[in-house]
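Asks: One structure, as structure tokens, below. Some questions next.
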Amino acid sequence: MRLSLDALAVLDAIDRRGSFAAAAAELHRVPSALTYVVQKLEQDLDVQVFDRSGHRAKLTAAGEELLREGRHLLRAAREVEARVRRVSRGWEIELVIAMDEIVPIERLYPLVAAFHGLGHGTRLKLLEEILAGTWDALLTGRADLVIGASGDPPTDGGCTTAALGSMPFVFAVAPTHPIATEPEPIAHATLLAHRAVLAADS
């Protein structure tokens with residue numbers, strides 16, 4: 001490969017600092033070393049990166065394009081380095097959280113903000129599941145953590161759980177539904193005589 005990250009970092013420093021001398025000071029190198037890197041880059045790519053016709057070197061159109069695209073590569077390289085360091089310290093690259101739709105997702109926003117504030121760079125991915133779909137997401141590896149899972153955890157899942165609270169499930173009908181006028185508690189036989197609509201597991 002003829003293009004190196006070092007050469008891109010040199011170009012970036014020269015552009016930001018405005019001169020070879022200032023860039024050399026930032027990079028703790030001598031100006032002649034930067035001149036060599038730029039000349040080698042121009043030779044390897046067979047393009048002129050700087051216009052040296054004036055009293056001060058100026059990026060050519062090709063040089064500007066190289067720098068614009070090169071900054072994406074520099075940023076990506078920095079992110080890879082940071083991720084590798086985080087993994088070596090025990091941080092996950094990505095954490096997938098599955099939530100039962102019964103839990104308002106807005107409740108999670110302060111926790112996401114606090115997690116982001118730690119500055120570790122772990123990507124969070126949120127999934128919305130229904131009923132046993134939360135357990136399925138965990139057991140099949142689609143999620144690392146579930147919030148609001150209902151019912152008992154699978155016996156063979158090796159899961160650790162903590163109770164968040166309880167949520168009663170009740171029948172709900174429109175005020176005009178025939179059951180709405182029935183005396184409570186409503187008999188099981190009466191419920192069986194009507195259609196029930198319920199959410200399926202995701």
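Asks: Just to verify a result, which residue in the range 68-101, among those that are within 18 Å of Ile147 (Cα to Cα) and open to solvent by 70 Å² or more (accessible area, probe 1.4 Å), is modelled with the highest pLDDT?
Replies: Taking the candidates together, the pick is Glu101.
Asks: Also, I was wondering about something else. (1) open to solvent by less than 70 Å² (accessible area, probe 1.4 Å); (2) out of contact with any His (no Cβ under 8 Å at 6 or more places or on another chain); (3) at pLDDT 85 or above: which one isn't true of Cys159, the others all being true?
Replies: So the condition that Cys159 fails would be (3).
Asks: I'm trying to understand the selection: among the residues of the range 162-177, which are of a type in the set (A, V, I, L, M, F, W, C), surrounded by fewer than 10 Cβ atoms within 10 Å (Cβ to Cβ) and farther than 17 Å from Ala132 by Cα?
Replies: Just the residues of the range 162-177 that are of a type in the set (A, V, I, L, M, F, W, C), to begin with: 162-164, 167, 169-174.
When the remaining residues are screened for being surrounded by fewer than 10 Cβ atoms within 10 Å (Cβ to Cβ), the result is 162-163, 169-170, 172, 174.
The answer is Val170, Ala172, Ala174.
Asks: What number goes with the only condition from (1) modelled with pLDDT of 85 or more; (2) within 30 Å of Gly151 (Cβ to Cβ) that Ser4 does not pass?
Replies: Here Ser4 meets the rest and fails (2).
Asks: For the range 37-57, how many residues are surrounded by 13 or more Cβ atoms within 10 Å (Cβ to Cβ) and of a type outside the set (Asp, Glu)? Give the steps one after another, and end with the answer.
Replies: Step one: list which residues in the range 37-57 are surrounded by 13 or more Cβ atoms within 10 Å (Cβ to Cβ), which gives 37-38, 40-42, 44-45, 47-51, 57.
After this cut, where a residue has to be of a type outside the set (Asp, Glu) as well, the list is 37-38, 40-41, 45, 47-50, 57.
Residues in the range 37-57 being surrounded by 13 or more Cβ atoms within 10 Å (Cβ to Cβ) and of a type outside the set (Asp, Glu): 10 in total.
Asks: Taking only pairs six or more apart or across chains, which ones have beta-carbon atoms under 6 Å, a first residue in the range 127-139 that is more than 19 Å from Ile105 (Cβ to Cβ), and a second residue that is open to solvent by 50 Å² or more (accessible area, probe 1.4 Å) and not in a helix (DSSP H, G or I)?
Replies: Filtered contacts from the range 127-139: Ala132/Asp201.
Asks: Quick one: count up the residues across the range 183-193 that are surrounded by 11 or more Cβ atoms within 10 Å (Cβ to Cβ) and assigned to a helix (DSSP H, G or I).
Replies: Of all residues in the range 183-193, those surrounded by 11 or more Cβ atoms within 10 Å (Cβ to Cβ) come to 186-187, 190-191.
Still in the running and assigned to a helix (DSSP H, G or I): 190-191.
Looking only at that region, the number is 2.
Asks: Counting only residues that are without any contact (Cβ under 8 Å) to a residue 40 or more places away in the chain and over 30 Å from Gly165 (Cβ atoms), give me the helices (runs of 4 or more DSSP H) lying completely in the range 12-122 with at least 3 of them. Explain how you work it out, then say what you get.
Replies: On the way: elements: 20-27, 31-45, 61-88, 109-117.
Once the helices (runs of 4 or more DSSP H) in the range 12-122 are filtered for at least 3 residues that are without any contact (Cβ under 8 Å) to a residue 40 or more places away in the chain and over 30 Å from Gly165 (Cβ atoms), what remains is 20-27, 31-45, 61-88.
Asks: Here is a check on your reading of the model: is Leu111 at pLDDT 85 or above and in contact with a helix residue (DSSP H, G or I) (Cβ under 7 Å, 6 or more places away or on another chain)?
Replies: On the way: at pLDDT 85 or above: yes; in contact with a helix residue (DSSP H, G or I) (Cβ under 7 Å, 6 or more places away or on another chain): no.
Against the criterion (at pLDDT 85 or above and in contact with a helix residue (DSSP H, G or I) (Cβ under 7 Å, 6 or more places away or on another chain)), Leu111 does not qualify.
Asks: Further question on the same structure: Of the residues Ala149, Ala180, Ala137, Ala196, which single one is open to solvent by less than 90 Å² (accessible area, probe 1.4 Å), outside any loop (DSSP other than H, G, I, E, B) and at pLDDT below 85?
Replies: Only one candidate passes the filter, namely Ala137.
Asks: Okay, moving on. Here is a check on your reading of the model: is Asp201 of a type in the set (D, E, K, R), open to solvent by less than 100 Å² (accessible area, probe 1.4 Å) and touching a strand residue (DSSP E or B) at 6+ places or on another chain (Cβ under 6 Å)?
Replies: For Asp201, the condition - of a type in the set (D, E, K, R), open to solvent by less than 100 Å² (accessible area, probe 1.4 Å) and touching a strand residue (DSSP E or B) at 6+ places or on another chain (Cβ under 6 Å) - is not met.
Asks: Could I ask something else about it? On the given criteria, is Gly119 closer than 30 Å to Glu79 by Cβ, modelled with pLDDT under 80 and exposed (fewer than 14 other Cβ atoms within 10 Å of the Cβ)?
Replies: So Gly119 passes the test.
Asks: Name every residue in the range 18-36 that is of a type outside the set (A, V, I, L, M) and open to solvent by less than 40 Å² (accessible area, probe 1.4 Å), in order of residue number.
Replies: Gly18
The values are calculated or read from the model by the stated rules, or taken from the named source; none is laboratory data. Predicted model, so just to flag it, every value in this text is computed and none were measured. Here the Cβ is made from the backbone with ideal geometry for all residues, glycine too, and neighbour counts use every protein chain on show. We work out accessible area using only protein heavy atoms, side chains counted, and drop any ligands, DNA or RNA first. Shrake-Rupley method; radii C 1.70, N 1.55, O 1.52, S 1.80 Å.
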